[in-house]
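What follows is one structure encoded as structure tokens, with my remarks underneath.
The values are calculated or read from the model by the stated rules, or taken from the named source; none is laboratory data. Not measured: the values here are computed from a predicted model. Positions of Cβ are backbone-derived with ideal geometry, glycine not excepted, and every protein chain shown enters the neighbour counts. Heads up: the accessible areas ignore ligands, DNA and RNA and are worked out on the full protein's heavy atoms, side chains in. Shrake-Rupley method; radii C 1.70, N 1.55, O 1.52, S 1.80 Å.
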There are 2 protein chains.
Amino acid sequence: MSPPDVTLSCPLPIERYPQVLLAHGGGGKLMHGLIHDVFLKSFGGQAPRCPHDATVLEVLGGRIAFTTDSFVVRPLFFPGGDLGSLAVHGTINDLAMAGARPLWLSAAFIIEEGLPMETLGRIVASMQEAARLANVTIVTGDTKVVEKGKGDSLFITTAGIGVVESDQNIHPQNVRAGDAILVSGDVGRHGMAVMSVREGLEFESAIKSDSAPLAEVVLALLSAGVDVHCLRDITRGGLTAVLNEIAEAAELGILVDEAQIPVRDDVKAACEILGLDPLQVACEGRFVAFISEKDVSRALEVMGLFAPAKGARRIGQVRADRDTLVTVKSGIGARRILDMPTGEQLPRIC
Amino acid sequence: MSPPDVTLSCPLPIERYPQVLLAHGGGGKLMHGLIHDVFLKSFGGQAPRCPHDATVLEVLGGRIAFTTDSFVVRPLFFPGGDLGSLAVHGTINDLAMAGARPLWLSAAFIIEEGLPMETLGRIVASMQEAARLANVTIVTGDTKVVEKGKGDSLFITTAGIGVVESDQNIHPQNVRAGDAILVSGDVGRHGMAVMSVREGLEFESAIKSDSAPLAEVVLALLSAGVDVHCLRDITRGGLTAVLNEIAEAAELGILVDEAQIPVRDDVKAACEILGLDPLQVACEGRFVAFISEKDVSRALEVMGLFAPAKGARRIGQVRADRDTLVTVKSGIGARRILDMPTGEQLPRIC
């Protein structure tokens with residue numbers, strides 16, 4: 001997860017929301033307000049400041065990373081993945097974004113009574129295969145069953161532990177004016193893969209989720225000596241949420257060049273049909289890297305060696321000027337502000 | 001969690017159950033069959049053999065313990081606790097049963113749309129207070145929201161990391177014939193506290209859950225040099241499930257003296273009304289210790305110093321003879337077999 005440790009400009013205080021709304025899980029302003037007003041106000045006093053996707057903890061003379069995510073995506077199976085592989089990739093990626101080598105996962109299952117055993121078996125097999133391919137081990141777990149109508153077939157919560165081997169300080173507060181911003185590939189594919197199935201959209205070929213483990217490419221960047229200042233995987237709220245979170249945390253501005261942001265044509269088309277902005281749509285196998293400008297070509301070279309980052313691009317730069325957090329330069333040179341998403345466009349996407 | 005790493009005599013193969021039943025979450029034979037047939041068959045090849053409530057992992061030249069549990073108890077608030085405190089105690093206790101000092105927890109929330117914000121706030125505050133009292137820190141988390149009717153107000157999944165400081169080998173396979181069996185206090189209280197509220201039973205005073213963190217007393221036993229062979233906290237399936245799991249794993253028999261097993265009168269009365277066996281009812285703040293007979297008085301002395309173990313008793317002994325796994329000697333000298341629970345008596349108890 002990523003409760004950004006920043007005073008997000010929350011124009012929507014929790015007091016206005018006597019009940020939790022779907023939008024509180026959407027990755028935008030409401031979710032950050034909830035995390036800030038409810039969770040960080042309680043846990044924050046005791047918890048270490050927690051700006052990473054995973055928390056880095058000092059233990060036994062070294063550093064480990066620890067993270068958790070619940071997965072509630074519907075439908076359970078979608079082109080390019082399923083609840084099980086997503087639950088493995090999501091937690092691996094949060095560890096990777098802290099610069100950690102993911103080693104162990106836990107898996108807790110909340111099953112709705114009546115779930116076909118065969119479905120459960122397929123999801124579990126998919127988790128195991130995803131874990132095997134990413135070289136992590138599922139070492140502990142739990143099973144709970146709730147009555148029919150009190151759940152939704154299956155929810156999986158994974159937690160993960162990784163070891164931080166690099167000495168680099170990867171952290172939003174480490175982002176500097178002048179840093180180059182890279183994105184590891186085309187954005188919005190996971191969200192549109194799921195939405196296309198849900199909305200029954202048909203294209204020439206199915207949009208496949210980008211869901212993938214990102215640790216290998218991140219560790220390669222670090223061992224190639226690329227001066228990495230911050231990493232963040234793109235999930236709920238899409239690229240827009242990531243850029244806003246980091247700009248806010250770093251107290252700097254960001255300028256990105258829309259023409260450089262890779263979005264596939266079928267994803268663009270699906271977004272147009274559904275009235276969505278691809279820059280706000282979730283990925284599950286993409287990340288943003290803030291690195292020293294001098295290392296851009298080396299970084300892109302390294303990223304190109306790994307399947308999930310073959311389409312990596314430099315999309316913009318961090319600026320000292322922060323009149324606006326995130327600005328996008330369009331193809332024709334116009335500029336617009338890319339504000340943190342507010343409502344819930346895509347419920348149950350991860 | 002505790003998927004006992006044993007070939008449990010599963011007379012109920014998964015093939016007979018095309019769908020998941022409530023009883024598959026009940027802590028008895030069906031749950032062990034599910035864990036064995038679905039989870040361990042997939043994950044087990046890769047996972048370390050996992051007979052503990054928590055898994056012990058070697059990292060950075062030392063040992064850490066790692067565990068997870070989802071919590072789905074209904075109602076959210078019950079005498080002596082709530083979903084939040086339970087989610088903290090349950091994971092702390094799983095770590096403690098591996099002899100670890102619990103340090104860090106994660107907390108993932110699956111919220112049903114419409115949950116009153118005030119309820120969420122109370123649960124979160126209760127988690128924080130339980131963590132503070134037990135000297136652990138909630139360091140990372142996640143929030144998902146599902147549509148009304150697709151969840152049940154709130155599910156919380158915690159995972160935990162602890163450090164194993166002791167060199168003692170705490171493990172079901174380390175149990176020896178002749179070991180004394182201690183229980184840390186009266187059993188069945190948590191389950192009956194929850195059931196009394198659900199069933200609207202009224203007693204002179206409310207039955208309060210025994211939910212409590214157990215790490216402090218376990219660490220004290222270890223540092224007092226008590227020769228601890230195995231520890232297991234009593235949760236779903238009650239004392240009966242624990243004794244059967246350990247007997248099966250250790251390939252030994254167990255004889256317990258019913259008169260020595262502490263059960264409060266109000267718990268007995270509530271069990272009688274509901275037709276339950278208190279020995280099958282969950283606790284959330286009790287554990288069973290298998291220790292060298294020579295250390296019994298020292299162990300009871302140490303346990304008596306800690307509130308959740310003040311009522312500790314020696315309840316039986318491990319026997320070389322294993323014609324039956326677990327035998328109970330009643331007050332009048334009759335013997336009966338204490339078999340692993342089968343169905344689901346108490347859904348949503350934790």
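Extending 7 Å from the Cα toward the beta-carbon at both B:ARG132 and B:ALA320 defines two label points whose distance is 5.5 nm. In this Cβ point-charge picture (+1 for Lys and Arg, -1 for Asp and Glu), the stretch A:132-234 has a dipole of about 340 debye about its Cα centre.
Could you please state, rounded to a whole Å, how far the C-alpha centre of the stretch A:139-193 is from the C-alpha centre of the stretch B:122-176? With the stretch A:139-193 and the stretch B:122-176 each reduced to a Cα centre, they are spaced 19 Å.
What's the local net charge at B:PHE109, with K and R +1, D and E -1, over the other residues with C-beta under 10 Å away? Residues close to B:PHE109 contribute a combined charge of 0.
To the nearest 0.05, how large is the calculated FRET efficiency for B:GLN19 and B:GLU165 if R₀ is 51 Å and r is the Cβ-Cβ distance? Working shown, then result.
Details: r = 44 Å, r/R0 = 0.87.
Calculated transfer efficiency: 0.70.
Using a 7 Å projection from Cα along Cα-to-Cβ, the label point at B:LYS148 is separated from the same position in the remaining copies by 2.3 nm, smallest value first. Positive end of the dipole of the protein assembly as shown (Cβ unit charges, origin at the Cα centre): among A:LEU86, B:GLN317, B:ILE234, the Cα lying farthest that way belongs to B:GLN317. Sequentially through the stretch B:151-160, phi angles give Karplus couplings (6.51, -1.76, 1.60; θ = phi - 60°) of x, 8, 6, 7, 10, 10, 10, 10, 10, x Hz, Gly and Pro residues having no value and appearing as x. At a probe radius of 1.4 angstrom, the accessible area of the stretch B:50-164 per residue rounds to 23 square angstrom. In the assembly of identical copies, B:GLN173 has its label point, taken 7 Å from Cα in the direction of the beta carbon, separated from the corresponding points by 4.6 nm (ascending, one decimal). Restricting the calculation to alpha carbons of the protein assembly as shown gives Rg and Dmax of 25.7, 92 angstrom. From the alpha carbon centroid of the stretch B:215-278 to that of the stretch A:222-260 is 52 Å.
Residue by residue along B:54-63, Cβ atoms of other protein chains within 10 Å of the local Cβ number 4 on average.
Assigning unit charges at the beta carbon (Lys, Arg +1; Asp, Glu -1) and nothing else, what dipole magnitude in debye, to the nearest 20, does the protein assembly as shown show about its Cα centre? Write out the running numbers ahead of the final one.
Working: 64 positive and 86 negative charges, 35 e Å.
With Lys and Arg at +1 and Asp and Glu at -1, about 160 debye.
Here the mean projected area of the convex hull built on the C-alpha positions of the stretch A:58-102 is 3.6 nm².
Working from label points 7 Å from Cα in the Cα-to-Cβ sense, the B:SER205 to A:ALA206 distance is 6.1 nm. With a bin width of 5 angstrom, please list the P(r) values of the stretch A:172-337 as percents of all Cα-Cα pairs, from the 0 bin to the one holding the largest distance. In order of increasing distance, the bins hold 2, 9, 19, 21, 20, 15, 9, 4, 1, 0 percent. Taking all Cα-Cα distances within chain A, those exceeding 39 Å account for 9%.
I need to check one value: relative contact order of chain B, counting alpha carbon pairs closer than 8 Å and at least 6 residues apart, in percent.
Values: 813 pairs, mean separation 81.8, N = 350.
Contact order relative to length: 23 percent.
Please find the FRET efficiency linking B:ARG336 to A:ARG176, where r is the Cβ-Cβ separation and R0 is fixed at 56 Å, and quote it to the nearest 0.05.
On the way: r = 73 Å, r/R0 = 1.30.
In this case the efficiency is close to 0.15.
Under the criterion of Cα pairs below 8 Å and six or more residues apart, the relative contact order for the stretch B:284-350 equals 17 percent. Computed over neighbours whose Cβ is under 15 Å from that of A:GLU147, the net charge equals +1, Lys and Arg +1, Asp and Glu -1. On the full set of protein chains, 1.4 Å probe, figure out the accessible area of B:ILE273 and give it in Å² to the nearest 10. The accessible area comes out at roughly 110 Å².
Around the Cα centre of the stretch A:172-337, unit charges on the Cβ atoms of Lys, Arg, Asp and Glu (plus for the first two, minus for the last two) sum to a dipole of about 200 debye. Label points for A:ALA259 are taken 7 Å from Cα along Cα→Cβ. From this copy to the others they lie 9.2 nm apart, shortest first. What is the distance in Å between the Cα centres of the stretch B:56-71 and the stretch A:317-343? So the two Cα centres are separated by 43 Å.
Given Cα positions, please report Rg to Rh for the stretch B:273-350, the hydrodynamic radius being the Kirkwood one.
Details: Rg = 15.3 Å, Rh = 15.4 Å.
Here the Rg-to-Rh quotient is 0.99.
Compute the signed sum of charges (Lys and Arg +1, Asp and Glu -1) over the other residues within less than 15 Å, Cβ to Cβ, of A:ILE291.
Working: positive: A:ARG176, A:ARG232, A:LYS294, A:ARG298, A:ARG313, A:ARG314; negative: A:ASP179, A:ASP227, A:GLU293, A:ASP295, A:GLU301.
Summing Lys and Arg as +1 and Asp and Glu as -1 gives +1.
Between B:ALA269 and A:GLU147, the FRET efficiency estimated from the beta carbon spacing at R0 = 35 angstrom works out to 0.80. Summarising the amide proton neighbourhood of A:VAL164: residues at separation of 5 or more, or on other chains, whose placed amide H is nearer than 5 Å comprise A:ARG63, A:ILE64, A:ALA65, A:ARG101. Projecting the Cα positions of A:ILE246, A:VAL146, B:GLY26 onto the charge dipole of the protein assembly as shown (unit charges on Cβ atoms of Lys, Arg, Asp and Glu, taken about the Cα centre) puts A:ILE246 furthest along the positive direction.
By accessible area, using a 1.4 Å probe on protein heavy atoms only, the stretch A:172-337 has 48% of its surface on carbon and sulfur. At a threshold of 8 angstrom on Cα-Cα distance, excluding pairs fewer than six apart, so keeping six or more, what relative contact order does the stretch B:172-337 reach in percent? Worked out over the stretch B:172-337, it gives 43 percent.
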